[in-house]
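The values are calculated or read from the model by the stated rules, or taken from the named source; none is laboratory data. Remember, predicted model here, so these are calculated numbers, not experimental data. No Cβ is skipped: glycine too gets one built from the backbone with ideal geometry, and neighbour counts run over all protein chains shown. Note: areas computed on protein heavy atoms with side chains; ligands, DNA, RNA excluded. Shrake-Rupley method; radii C 1.70, N 1.55, O 1.52, S 1.80 Å.
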Amino acid sequence: LISFSIPPGDKVSSISPPAATSSDEEDDSDSSTKPIRSEKKKNPASLFQTGGDPPREKKPKKKAPPRAAESEDETPETPQKNSNKKGKGKKSKKPKEERAPSPVIEVDNLEEFVLRPAAQGVTVKCRVTRDKKGMDRGLYPTYYLHLDNDKKVFLLAGRKRKKSKTSNYLISIDPTDLSRGGENFIGKLRSNLMGTKFTVFDNGANPDRANADWSNVRQELSAVVYETNVLGFKGPRKMTVIIPGMNSDNERVPIRPRNDNDGLLMRWQNKNMDNVIELHNKAPVWNDETQSYVLNFHGRVTHASVKNFQIVHSSDPDYIVMQFGRVADDAFTMDYNYPLCAVQAFAIALSSFDGKLACE
């Protein structure tokens, strides 16, 4: 289990678990969540289906020869062993033997891959690194996302825009080109003035520049809301994540707002949840023996940080939609499952870095 120890006047933190066993999974929930385990055999896809109109056909099928990278199955017992050993380097040959039959992540067309929902039953395991080099490194570090495997395949890069009234992160499929007008621009993360609400867009056009059939207008891929701690309470963050639902073909329902009053945040605030799914971070449980908060990351998180979190659906808190946590001063693991895509998960992770969070 991971404990979130809270020294007096300090932030919430988390530390790495000892060697995990399959029974650890039950320790991070209280009796109120245990009955839900009987539903775990249900297909998680049903949690995210909202019907809705099928998305417009605009992406070709895979053509280029695939650049294959291994990932690991989402079944709890196996990754516990693999992930605990992976952080210790290449001392043992056993991880390679266990990873051989694992599902393969194919990154053929990078732009298509990072916007495509993860395959059902496969956890896409990634690593986020933060680069603070440069004159303005304190304010505008660059973040890089790679697949967390032997090949370290690059997926995305992100950096906060300068001279922007609110926090505004550009996301690119090129580690060297983070310009708004470049052809590698794939999406952005924008916050409100308080820095507590964030919206994730793809690389479509602003509604002001819509074409006749509205097909070129940007989609909203996600929104993140952090509960503010007005009195400065030091405790675990509370996050709400809003994403578009999935149709019967397990494709994302397009959300293309024509104005700010039709976006994911306003739909959520107005309780208009048609084609919209609400997720939350999993609340850690207080442990009296260790005087700390406890949460199970199955060995994927090893350092204390207020940024560590797991995102779940309230109907099945055992299905981890996404988890994120620190493994070094400037390195973090980021794992995501269906229905998230890499851009959604990376943008949600970037929101946790923002220095204006009033909840910190």
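See the values below:
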read-out: Inverse mean reciprocal Cα-Cα distance (Kirkwood Rh) of segment 261-360, Å; value: 15.2 Å
read-out: Within the accessible area of segment 196-340 (1.4 Å probe), percent carbon and sulfur; value: 45 percent
read-out: Gained length - Ala45 relative to Lys165, 0.36 nm times residue gap less alpha-carbon distance; value: 39.4 nm
read-out: Pairs from Lys151/Lys238; Lys132/Lys238; Lys165/Lys238; Lys197/Lys282 whose Cα-Cα separation, in the structure shown, is over 29 Å; value: Lys151/Lys238
read-out: Those trypsin sites (Lys or Arg not before Pro) in segment 264-318 that DSSP places in a loop and that have at most 12 other beta carbons within 10 Å; value: Lys271
read-out: Whole-angstrom Cα spans of segment 225-319 along principal axes, big to small; value: 50, 36, 22
read-out: Long-range amide H partners of Ser222 with built H, under 5 Å; value: Val200
read-out: Cα centroid of segment 170-225 to Cα centroid of segment 271-339, whole Å; value: 25 Å
read-out: Whole-Å semi-axes of segment 147-194's equivalent ellipsoid (Cα gyration tensor); value: 24, 13, 7
read-out: Per-pair calculated FRET efficiency, R0 = 30 Å: Trp214 and Ser248 via Cβ, rounded to 0.05; value: 0.85
